[in-house]
1. Going by C-beta contacts inside 10 Å, put 203, 175 in order with the fewest on the left.
2. Give me the distance in nm between label points sitting 7 Å out from Cα along the Cα-to-Cβ direction at residue 164 and residue 183, one decimal.
3. Return the distance in nm (one decimal) between the two label points of a simple spin-label model at residue 205 and residue 148, each offset 7 Å from Cα along Cα→Cβ.
4. Which lysines have a Cα less than 16 Å from the Cα of residue 185, not counting those fewer than 8 places away in the same chain?
5. Taking 30 Å as R0, compute the FRET efficiency from the Cβ-Cβ separation of residue 78 and residue 172 and round it to 0.05.
6. Could you sort the peptides 207-214, 188-195, 166-173 by per-residue average Cβ neighbour count (10 Å cutoff), highest mean leading?
Amino acid sequence: MIWIFALACTPPDGGFSSGGNGTDPFPNDTSPDVDDSDSTPDSDSTPDSDSTPDSDSAPDSDSGGPFVPPGGEDCGYTAGDIACNVTLTTQSGGEFALWEMYGTKTVLVVGNAWNSDWIAASLWLQSVGNAQGAYVAMVMNQDANYAQPDTSSATSWAQAYNLDNVLFDASEDDVLDPWFSSQTKTYILDANLEIDSIITGYVGEEQVDDKLKAL
């Protein structure tokens, strides 16, 4: 009897003494089935031809040329015109192109450094530009000695009057001819580079400030 009882208490092969059946903690049917054809990426998972940029997303041939603002092809030099582009030299020897100012209100005071009206505008132009978020520049046609300006004379003027931008024509193309006569001229342009106002001769601080506010 003792031997029979011992046999009765022996767990089944692979079982537990509590009477439950043994269970594999990682059942075969929960592991990835390497034979399942769905486990390999199908042809749809590879990028199709639409994933490559089409011809419209590539820059066009005009992207390497100078920027032309809307309407710039019909530019001019009078109030109401989109201002024609002009390329000048900065006091640090860099290049300024007016059409690159598209999107920014701009004031250019063009004149001679020996002229009293041009000198007077140099005193306050930067503070007005800073207050109104506008790009402002004194454009020097002649320096204080009636000579062709260069980076030295432009830098000296910028430092003397705390100006961020003093521009001049370093070329021999007389690019300022359409912009300037014998008197100082102040051009006020809106963000689309349309000439809002041209003030000839003396220009006042409040006058420019009010016009920039209205743009």
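Nothing in this text is a laboratory measurement; each read-out follows from the coordinates by a stated rule. Computed from a predicted model, the values in this text were never measured in an experiment. Quick reminder, even Gly has a Cβ in these numbers, built from the backbone with ideal geometry, and neighbours come from all protein chains shown.
1. On the way: 203 23, 175 15.
Neighbour counts put them in this order, fewest first: 175, 203.
2. Calculated label separation equals 3.0 nm.
3. So the two model labels end up 3.6 nm from each other.
4. Output for residue 185: 211.
5. In this case the efficiency is close to 0.70.
6. Working: 207-214: 16.2, 188-195: 20.4, 166-173: 18.0.
Answer by packing, highest mean first, reads 188-195, 166-173, 207-214.
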